[in-house]
1. Could you tell me which of the residues Thr226, Thr145, Thr151 is polar (S, T, N, Q) and in contact (Cβ under 8 Å) with a residue 60 or more places away in the chain?
2. Among (1) over 25 Å from Tyr245 (Cα atoms); (2) open to solvent by 60 Å² or more (accessible area, probe 1.4 Å), where does Lys125 come up short?
3. From the list Gln116, Gln85, pick out the single residue that is among the polar types (S, T, N, Q), open to solvent by 60 Å² or more (accessible area, probe 1.4 Å) and in contact with a Phe, Trp or Tyr (Cβ under 9 Å, 6 or more places away or on another chain).
4. Would you pick out the residues in the stretch 135-146 that are of a type in the set (Ser, Thr, Tyr) and part of a loop (DSSP other than H, G, I, E, B)?
5. Collect the residues in the stretch 194-219 that are within 26 Å of Tyr93 (Cβ to Cβ), part of a loop (DSSP other than H, G, I, E, B) and open to solvent by less than 20 Å² (accessible area, probe 1.4 Å), keeping them in residue-number order.
6. Could you tell me whether Lys60 is charged (D, E, K, R) and open to solvent by less than 30 Å² (accessible area, probe 1.4 Å)?
7. Restricting attention to the stretch 245-254, does a residue exist that is buried (at least 23 other Cβ atoms within 10 Å of the Cβ), at negative phi and assigned to a helix (DSSP H, G or I)?
8. In the list Arg184, Arg176, which residue meets the criterion of being under 24 Å from Tyr254 (Cα atoms), crowded, with 16+ Cβ neighbours inside 10 Å and not aliphatic (A, V, I, L, M)?
Amino acid sequence: MVFPHFDYSRLDRYIPILIGNKGIHSIHKGYSSDRKFDVVLHHGQRVLLRIFDLQHSDSKKCEFDVLANMQNLGVKCSVPIEFGQVASLGIAYMILSYIEGNDAADELPRLAEHQQYRVGVEAGKELFKMHQWRAPDSIPPWHETKRNKHTRYLEQYSSCGVRVRNDAKLMSFIDRHIPLIKHRPNLFQHDDFHVANIIVKETRLSGIIDFNRYDWGDPIHEFLKTGMFSSEISIPFSIGQIRGYHNGRDPDQYFWTLYSLYLAMSIFSSVVWILKVKPEELTRMMEKINRVLDDHNDFDEIVPRWYKPM
C-alpha cells in the first residue's frame with residue numbers, strides 16, 4: 001500500500017486535473033497493491049484514480065498504453081485519460097474513465113439465468129476482441145514461457161507442504177497433453193478474466209476492468225479462470241462466455257483438451273500463489289481446487305460437468 005498515512009483528499013495540490021473535484025473516495029476491493037479512488041471531477045465526470053509507487057511507473061505506463069490499444073480494438077473498458085508522476089511524494093498515477101455498475105460476481109446471482117447467460121455471451125465477445133492483438137516479436141514463444149513457469153511452480157509445489165488429491169494422476173495428465181502447446185498462437189491475454197473483473201449495469205455488460213496482469217500467450221489459457229472462478233458464481237454466464245467467444249457455437253474437443261490442460265496446470269500454481277499472497281485463504285482455495293477436480297472427474301473428463309452443449 002502506498003503511503004497509508006498520506007491525506008489523499010489533498011491530491012489536488014499535486015495533480016491539476018483534480019482541482020475543484022467534488023469528492024475522492026477510496027476503493028478497497030481487489031488484490032492489487034495500487035491505491036484506487038472513485039473521483040468526481042469539477043465538471044461532473046466520474047473517473048478512476050490509481051496511485052502506485054514511483055518505481056513501478058514504467059510497468060504501469062505499459063498498462064496505461066494497453067488500455068489505449070483496447071480502445072482501438074473496440075473493447076469495452078476504461079478510457080485512459082492521464083498518466084503522471086509526483087516525484088516529491090514518490091508516487092505515480094493514472095486516471096481512467098469510470099465504468100458504471102457493479103462487478104459481475106455480485107450482480108449475476110441477482111439476475112435471471114437467461115440474463116446471466118447474455119452477460120456471458122457479451123463477455124466472450126469482448127474477450128475475442130482482445131485476442132486480435134498479436135504479441136510483439138520480442139515476446140518469447142508461448143510454449144517456452146508456459147513450460148518454464150510450470151516447471152518452477154511444480155518445484156515450489158513439491159516443497160510447500162500442501163498436497164492436492166491425486167496429484168500424481170494430475171501431473172501425468174499434464175505430461176501427456178503438454179506437447180499440444182508447442183504451436184499455439186502468441187496473443188494478448190487479459191490474464192485475469194473472470195466475473196470479479198467484469199462490470200454489469202442494468203443486466204448488461206458495462207465493461208472489463210483490471211488489465212494490470214496482462215500477458216501474452218495462448219488465448220485458450222484465458223478460460224481457466226472460467227473454470228476456477230466464474231463457474232462457481234454463475235454457470236449460465238460461464239457457458240455464455242464460451243459460446244459468445246465461439247460465435248454462438250459449442251467449442252470443439254481441441255479447445256476442451258487445451259482448456260483442461262491449462263486448468264490442470266493452474267491447480268499447482270494456485271496452491272503456490274495462495275501460500276505466498278494470501279495464506280489465510282488456503283482452505284478456500286483448496287475448496288475451489290476440489291470443485292474443479294470434481295467437475296472433471298480428476299481429469300478423466302476434459303469437458304466440465306457444468307457445461308451443457310446445445
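1. Numbers: Thr226 fails: in contact (Cβ under 8 Å) with a residue 60 or more places away in the chain; Thr151 fails: in contact (Cβ under 8 Å) with a residue 60 or more places away in the chain.
So the residue among Thr226, Thr145, Thr151 that is polar (S, T, N, Q) and in contact (Cβ under 8 Å) with a residue 60 or more places away in the chain is Thr145.
2. In the conditions (1) over 25 Å from Tyr245 (Cα atoms); (2) open to solvent by 60 Å² or more (accessible area, probe 1.4 Å), Lys125 misses (1) alone.
3. Details: Gln116 fails: open to solvent by 60 Å² or more (accessible area, probe 1.4 Å).
Only one candidate qualifies: Gln85.
4. From the stretch 135-146, those of a type in the set (Ser, Thr, Tyr) are 138, 145; that's our starting set.
Selection gives Ser138 alone.
5. Scanning the stretch 194-219 gives a single hit, Phe211.
6. Numbers: charged (D, E, K, R): yes; open to solvent by less than 30 Å² (accessible area, probe 1.4 Å): yes.
Here the answer is yes, as Lys60 does meet what is asked.
7. Pass one, the stretch 245-254, residues buried (at least 23 other Cβ atoms within 10 Å of the Cβ): 245.
Those left that are additionally at negative phi: 245.
Filter once more, so that each one left must be assigned to a helix (DSSP H, G or I): 245.
Among the residues of the stretch 245-254, at least one is buried (at least 23 other Cβ atoms within 10 Å of the Cβ), at negative phi and assigned to a helix (DSSP H, G or I), which makes the answer yes.
8. Numbers: Arg176 fails: crowded, with 16+ Cβ neighbours inside 10 Å.
When all the criteria are applied, what remains is Arg184.
The values are calculated or read from the model by the stated rules, or taken from the named source; none is laboratory data. Note that this is a predicted model, so its numbers are computed, not measured. Virtual Cβ from ideal backbone geometry, glycine too; neighbours counted across all protein chains shown. Side chains are part of the model used for accessible areas, which takes the heavy atoms of the whole protein and leaves out ligands, DNA and RNA. Shrake-Rupley method; radii C 1.70, N 1.55, O 1.52, S 1.80 Å.
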